[in-house]
1. Expressed in whole Å with the largest first, what are the equivalent ellipsoid semi-axes of segment 89-157 derived from the C-alpha gyration tensor as the square root of 5 times each eigenvalue?
2. With r as the distance between the Cβ atoms of S133 and N70 and R0 = 25 Å, compute the FRET efficiency 1/(1 + (r/R0)^6) and round to 0.05.
3. Taking the chain on its own, what percent of its Cα-Cα pair distances exceed 22 Å?
4. Please list, in order along segment 131-141, the HN-Hα scalar couplings obtained from phi with the Karplus expression 6.51 cos²θ - 1.76 cosθ + 1.60 (θ = phi - 60°), rounded to whole Hz, x for Gly and Pro.
5. Hey, what did the chain get for relative contact order, percent, Cα under 8 Å, at least 6 apart?
6. For K13, K60, K3, what ranking results if the residue with the fewest other Cβ atoms within 10 Å of its Cβ goes first?
7. Select from G12, L116, M63 the residue farthest towards the positive end of the dipole of the chain; place +1 on Cβ of Lys and Arg, -1 on Cβ of Asp and Glu, and compute about the Cα centre.
8. Rg and Dmax of segment 4-79, using alpha carbons, in Å: what are they?
Amino acid sequence: MTKSHIELTINGKKVEALVEPRTLLIHFLREQQNLTGAHIGCDTGHCGACTVDMDDMSVKSCMTFAVQANGTEITTIEGVANADGTLSALQEGFRMMHGLQCGFCTPGMILRAHRLLQENPAPTEDEIRHGISGNLCRCTGYVNIVKSIQYAAAKINGTPFQEAAE
């Protein structure tokens, strides 16, 4: 099969590669770039474990061909930490508010939340729940995931985190 040449930026690093046209972005990231943070869950775009940020949009990388990413900028979970290696506000939020259990959905959930906070820096609980609705978690019931995103939003905005009364 003829391979296609692609050029893209992944986590701030320029990448050039030859890929088969049928290569999915998730496989390109995991197998050719050794970026294994995004997970292969359902292979149908339903679970969101493979979510990455591509040109300022959340993308399910199991439903995107690598050739479609040609010329784009991609952020994976490996590129979310601060430049000095410390945890980003979202990563810290998930840690502090116990937003993960098994961790399988966490990379995709954090990338989706990252994009949500870029689009809406101070989302309400309902906006968060709607914003992450395309990413599934089988463990947490979402309560602590929502708190994690609220924590991150407060930190990013420089406001005190107020945990809602249940």
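Please treat every number below as a calculation from the coordinates, not as lab data. Computed from a predicted model, the values in this text were never measured in an experiment. Note that we place each Cβ from the backbone using ideal geometry, even for glycine, and neighbour counts take in every protein chain shown.
1. Details: eigenvalues 54, 32, 20 Å².
With the √(5λ) rule applied to segment 89-157, the semi-axes are 16, 13, 10 Å.
2. Working: r = 29 Å, r/R0 = 1.17.
The value I calculate is 0.30.
3. Details: 5597 of 13695 pairs.
Tail fraction, whole percent: 41.
4. Karplus values, whole Hz, x for Gly and Pro: x, 9, 4, x, 10, 9, 10, 8, 9, 9, x.
5. Details: 300 pairs, mean separation 37.5, N = 166.
Reported as a whole number, the value is 23 percent.
6. Working: K13 9, K60 25, K3 12.
Exposure proxy ranking, most exposed first: K13, K3, K60.
7. The one lying farthest along the dipole's positive direction is M63.
8. For segment 4-79, the Cα radius of gyration and maximum Cα-Cα distance read 10.9, 30 Å.
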